[in-house]
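A short worksheet on the structure shown next.
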């Protein structure tokens with residue numbers, strides 16, 4: 001039987017996950033909301049929704065729209081602010097049993113650094129994930145995620161204030177060369193990369209002649225983007241020497257193994273959490289059973305073994 005634990009080397013303290021199945025930021029709340037559906041400590045890691053220095057109200061409604069094989073969202077990173085999270089929410093999470101990863105959002109490198117310093121001081125935070133790639137906000141996100149120099153500046157600012165916490169940089173697919181972006185943030189000090197964030201998309205209603213989202217454009221996620229995500233993870237894993245976390249359209253244990261096959265160390269599950277709140281908990285069991293059927297005994301024997 002396979003040992004499900006995964007270690008992501010990097011930083012002064014490598015990040016050890018209970019298994020390769022993590023939650024994706026923005027799809028699992030702060031984690032505590034999902035306690036009625038399963039045992040949080042069974043997950044590989046919990047990535048909480050994006051945090052900013054000050055509370056954010058987010059974008060106007062409607063913010064979410066269903067698409068064929070996917071979902072559009074333009075929530076606008078609504079959150080309670082980092083101080084409220086640290087004071088009120090973090091103590092409710094089982095951080096001693098499962099790694100809690102804080103996702104960071106800010107408008108400039110200095111603000112990213114301030115946010116990193118606050119979270120790095122918390123024992124209950126295992127790692128920091130830097131959002132340079134969210135496509136549905138109007139200030140900063142797209143610029144950072146599409147410019148290697150700006151992305152490097154943000155990475156350096158967070159790394160400088162992160163202390164011993166591993167720094168994960170979340171990459172956008174909305175670029176010409178994602179491998180180039182990956183190398184830029186690796187050179188700037190990133191310990192781990194996660195990819196991909198959502199693809200920029202749009203939906204319209206021919207009867208009202210209006211966009212489906214108040215923000216007009218939003219982030220496309222779900223099974224529709226899995227082929228793009230696999231391609232990006234494969235390209236990034238070949239381009240860098242640090243671990244990669246795969247994200248995009250995972251709906252089965254087979255999907256998880258596909259991401260590991262192209263080079264990912266772990267995965268994050270997003271849109272499936274909206275469809276079935278208990279999905280990610282079931283996925284852990286399904287993955288263990290699939291590995292047993294396939295005779296996979298060590299992740300290292302399977303990871304990155306795609307035959308091309």
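Of note:
- Failed criterion for residue 250 (all others in (1) in contact (Cβ under 8 Å) with a residue 40 or more places away in the chain; (2) buried (at least 24 other Cβ atoms within 10 Å of the Cβ) hold): (1)
- Of the helices (runs of 4 or more DSSP H) contained entirely in the stretch 120-224, those carrying at least 2 residues that are at pLDDT below 95 fall at 141-146, 148-161.
- Filter result for residue 242 (under 26 Å from residue 192 (Cα atoms), under 17 Å from the mean Cα position of the chain (by Cα) and assigned to a helix (DSSP H, G or I)): no
- Set side by side, the residues 81, 70, 11, 38 differ, and just one is at pLDDT below 95 and over 16 Å from the mean Cα position of the chain (by Cα), which is 11.
- Residue among 218, 263, 249 that alone is touching a helix residue (DSSP H, G or I) at 6+ places or on another chain (Cβ under 7 Å) and over 19 Å from residue 17 (Cα atoms): 249
- Looking only at the stretch 268-308, and only at residues there that are more than 21 Å from the chain's Cα centre (by Cα), in contact (Cβ under 8 Å) with a residue 40 or more places away in the chain and assigned to a helix (DSSP H, G or I), the one that is nearest to residue 100 (Cα to Cα): 288
- Restricting the search to strands (runs of 3 or more DSSP E) fully inside the stretch 1-89 and requiring at least 3 residues that are crowded, with 18+ Cβ neighbours inside 10 Å gives 21-23, 70-73.
- Residue in the stretch 47-70 that is touching a helix residue (DSSP H, G or I) at 6+ places or on another chain (Cβ under 7 Å), in contact (Cβ under 8 Å) with a residue 24 or more places away in the chain and within 25 Å of residue 297 (Cα to Cα) present: no
The values are calculated or read from the model by the stated rules, or taken from the named source; none is laboratory data. In this text the structure is predicted, and so the values were computed from the model without any measurement. Ideal geometry is used to build each Cβ from the backbone, glycine not excepted, and the neighbour counts take in all protein chains shown.
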